[in-house]
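What follows draws every value from the coordinates through simple rules; no lab data is involved. Since the structure is predicted, the reported quantities are computational estimates derived from the model, not experimental observations.
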Amino acid sequence: MACSFRAFLGALIGASLLASGAAHAWSLPQFTQPKWKELSAEQQRILAPLAPEWDTMPPFRRKKWLGIADRFKNMTPEEQARIQERMREWAKLSPEERKLAREKYKAVAKLPPEQKQALKQTWEDYLALPPAERERLKREAVKRAPAAILPPAPAPSEVRKKKPAPPSPALSETTNAPPESATAPTPQAAIDAAAPQP
């Protein structure tokens with residue numbers, strides 16, 4: 001009878017601790033990162049493009065940006081300028097655009113090396129274009145942006161049931177030249193074409 005009384009008493013004490021919130025003191029500490037006002041002046045200078053959203057950013061993202069700020073002083077001036085420009089561009093993106101960018105980054109990271117190399121070559125070809133041509137391609141990409149979001153890939157059983165679509169003609173019927181949009185694909189088009197379907 002003494003054992004059952006001890007068990008009952010232990011359960012009663014445990015339940016009262018849980019009910020009172022004292023058990024919360026035993027939980028793991030929360031992972032936190034400093035608020036904007038807690039950053040050093042140097043960190044604030046480096047991370048300035050992110051200032052408006054810093055305090056609402058999840059802690060793991062703040063940790064990532066703080067790591068970049070720590071490595072910043074060891075970067076060349078060109079790398080520093082590039083990082084800050086990317087921060088400014090990132091800060092301008094909507095949450096949906098950021099989510100899409102993260103998904104595309106993950107998709108590209110999973111590509112086989114030869115596809116990554118082809119994508120890199122497409123990007124280098126794009127950068128070699130005159131600025132006016134790059135601007136034209138950017139405008140075209142923006143016009144067809146909704147089409148860039150591809151539907152999920154069909155299940156393997158569905159692929160076997162469907163007949164393949166006939167290939168579209170690569171040359172214009174009137175000029176025997178590639179269509180204007182096919183001369184230099186945008187980097188975005190290359191990413192979309194190379195990315196594996198979920």
Worksheet, complete the sentence: Contour minus Cα-Cα span, GLU89 to GLU53, at 0.36 nm per residue, comes to 11.6 nm
Worksheet item: How many angstrom lie between the C-alpha centres of the range 29-76 and the range 77-133?
Response: 22
Worksheet entry | For the range 104-117, 3J(HN,Hα) per residue [Karplus equation, 6.51 cos²θ - 1.76 cosθ + 1.60, θ = phi - 60°, Hz, x = Gly/Pro] | 5, 4, 4, 5, 5, 4, 8, 5, x, x, 5, 6, 4, 5
Discussion item. Give me a comma-separated list of calculated 3J(HN,Hα) values for the range 133-144, in order, Karplus coefficients 6.51, -1.76, 1.60 applied at θ = phi - 60°, integers in Hz, x for any Gly or Pro.
Written reply: 5, 4, 4, 4, 5, 4, 4, 5, 5, 5, 4, 9
Worksheet item: By what distance, in whole Å, do the Cα atoms of the range 30-92 stretch along each of the three principal axes, largest value first?
Response: 36, 25, 19
